[in-house]
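The values are calculated or read from the model by the stated rules, or taken from the named source; none is laboratory data. A quick note: this is a predicted structure, and the numbers were derived from the prediction, not measured. Neighbour counts run over all protein chains shown; Cβ positions are idealised from the backbone, glycine included. With ligands, DNA and RNA removed, areas are computed over all heavy atoms of the protein, side chains included. Shrake-Rupley method; radii C 1.70, N 1.55, O 1.52, S 1.80 Å.
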Amino acid sequence: MRKTFLVSFVAVALAGCASEQEICQNKATYSYRMLQKDIASVEENISRGYDTKSTRVPYEEKDICEEVVRDSHTGQKMEITHVCTKVKYRTVEEKVPINIEYERERLAAMRVRLDQERKFTESRLNQCAAL
């Protein structure tokens, strides 16, 4: 019974989020949208002259920590405060050199593919409209 309720709940929750036609349209345009995003990224890299790479880097930071311990003699709980080290993360952007001629060729090929993808997406959207 619990499984049936959970499945029913998930189905109702998902049904409330988007219609069948909206889901179809989202799937139909996904490749086109991703290609547009990739084209924008390559254009930005060409205009900048380099690509960027993001890396998460750990670092340590001193902090005040509170801890609940038991007294070994009395067994009572005690709260102690002490200085501790916590690991945190920051994002570091690095410049990555690119071959601008290669990126321009890649961009031209992506634009050709975008035109093809647009036509294919339009036919898929027409199928979605029939739902």
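Mind checking which helices in the chain clear 20 Å along their axis (Cα) and have mean Kyte-Doolittle hydropathy of -0.5 or more, DSSP H runs only?
Working: long enough: 2-17 (23 Å, 1.46); 20-48 (42 Å, -0.97); 100-129 (42 Å, -1.08).
Correct list, ordered by number: 2-17.
Taking amide H atoms as placed 1.01 Å from N in the peptide plane, list the residues 5 or more away in sequence, or in a different chain, whose amide H sits under 5 Å from that of ASP51.
Amide H neighbours of ASP51: VAL96, ILE98.
Of all the accessible heavy-atom surface of the chain, with the other protein chains kept in place and a 1.4 Å probe, what percent is carbon and sulfur?
54 percent
To make sure I understand the rule: partners must be aspartates and glutamates, Cα under 16 Å from the Cα of LYS88, and not fewer than 8 residues away in the same chain. Which ones qualify?
Result set, ordered by chain and number: GLU60, GLU61, ASP63.
Straight-line reach from LYS77: which lysines have Cα under 27 Å away, leaving out those fewer than 8 places along the same chain?
Excluding near neighbours in sequence, the set is LYS62, LYS86.
Please sort 116-124, 81-89 by packing, taking for each peptide the average over its residues of neighbouring beta carbons within 10 angstrom, highest first.
Highest mean packing first, the order is 116-124, 81-89.
Over the alpha-carbon set of segment 70-131, work out the extent along each principal axis and list the three values in angstrom, largest first.
Sorted from largest, the Cα extents of segment 70-131 read 78, 46, 13 Å.
Please state the equivalent ellipsoid semi-axes for the chain: what are the square roots of 5 times the Cα gyration tensor eigenvalues, largest first, in whole Å?
49, 34, 8
Convert each backbone phi in segment 77-94 into a coupling constant with the Karplus relation 6.51 cos²θ - 1.76 cosθ + 1.60 (shift: θ = phi - 60°), then list the ³J(HN,Hα) values in order as whole Hz, x for Gly and Pro.
Going residue by residue, I get 7, 9, 9, 10, 10, 8, 7, 9, 10, 10, 8, 10, 10, 10, 9, 10, 9, 10 Hz, with x marking Gly and Pro.
Determine the per residue accessible area of the chain with all protein chains present and a 1.4 angstrom probe, expressed in square angstrom.
82 Å²
Taking LYS27 as the anchor, which aspartates and glutamates have their alpha carbon closer than 19 Å to its alpha carbon, excluding any fewer than eight residues away along the same chain?
Cα-Cα hits under 19 Å: ASP38, ASP115, GLU117, GLU122.
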